[in-house]
Amino acid sequence: MWHCAYKFPFEYLILKDKDGNQIKTAFLHNKEELTNIKNDGDTIIKAHYKGCPHWNKPQLQDEFEL
């Protein structure tokens, strides 16, 4: 079954410059993309995407269901 790539939570990497501005993001398995363009003073940090808000909203409980 096909699913949108952003439906489920995942970890990813962010390349930030020395001022904290985001330069580029990449999936964990593509870390080399970021290391190839990283300059002195830049940092690579791990981040977490919680998944699509539509599919990850809290379940509503039916007050009348026992």
Exercise for review: Tell me which residues, restricted to the range 19-55, are among the basic types (Lys, Arg) and modelled with pLDDT under 95.
Suggested key: 50
Practice item. Would you tally the residues in the range 13-61 being within 28 Å of residue 3 (Cα to Cα), without any contact (Cβ under 8 Å) to a residue 24 or more places away in the chain and assigned to a loop (DSSP other than H, G, I, E, B)? Key: 7
Check your understanding: Does the range 3-22 include one or more residues that are of a type in the set (Gly, Ala, Ser) and out of contact with any helix residue (DSSP H, G or I) (no Cβ under 6 Å at 6 or more places or on another chain)?
Key -> yes
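The values are calculated or read from the model by the stated rules, or taken from the named source; none is laboratory data. The structure displayed is predicted, hence computed values, not measured ones. All Cβ positions, even for glycine, are placed from backbone atoms using ideal geometry, and neighbour counts span all protein chains on display.
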